[in-house]
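A short worksheet on the structure shown next.
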Amino acid sequence: MPDAQDAGGGGESLLNPDVFGVVGILAAQTLRIWINDAVDFVGKAKGAGEEMASRFEEMREAYVKGDQEAAMFDAILKQLEGRK
């Protein structure tokens with residue numbers, strides 16, 4: 001998943017007087033702070049989501065392994081019961 005910073009282009013244009021004008025630079029600085037906070041939040045959410053996906057993958061693999069081991073024991077049990 002791409003980073004949130006890649007979407008905004010880094011915010012260099014916010015301090016460009018040609019974009020917001022000289023008077024609008026204060027508003028642009030406020031907007032830049034808000035954008036940086038949002039990028040930080042999205043980055044943390046992405047990291048947490050990737051960690052959870054990794055944990056679920058490990059759990060899924062553990063369940064598959066457990067199911068395979070249970071099937072193996074069931075097969076051994078059936079063989080032993082057949083010998084009686």
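Solvent-accessible surface (1.4 Å probe) assigned to PHE41 amounts to roughly 140 Å². Using the Cβ-Cβ distance between ASP40 and VAL64 with R0 set to 35 Å, the FRET efficiency works out to roughly 0.45.
Please compute the length gained on full extension between ALA71 and THR30, using 0.36 nm multiplied by the number of residues separating them and subtracting their Cα-Cα distance.
Working: separation 41, 0.36 × 41 = 14.76 nm, distance 6.13 nm.
Length gained between ALA71 and THR30: 8.6 nm.
The values are calculated or read from the model by the stated rules, or taken from the named source; none is laboratory data. As the structure is a computational prediction, the values presented were derived from the model and not from experiment. Virtual Cβ from ideal backbone geometry, glycine too; neighbours counted across all protein chains shown. Side chains are part of the model used for accessible areas, which takes the heavy atoms of the whole protein and leaves out ligands, DNA and RNA. Shrake-Rupley method; radii C 1.70, N 1.55, O 1.52, S 1.80 Å.
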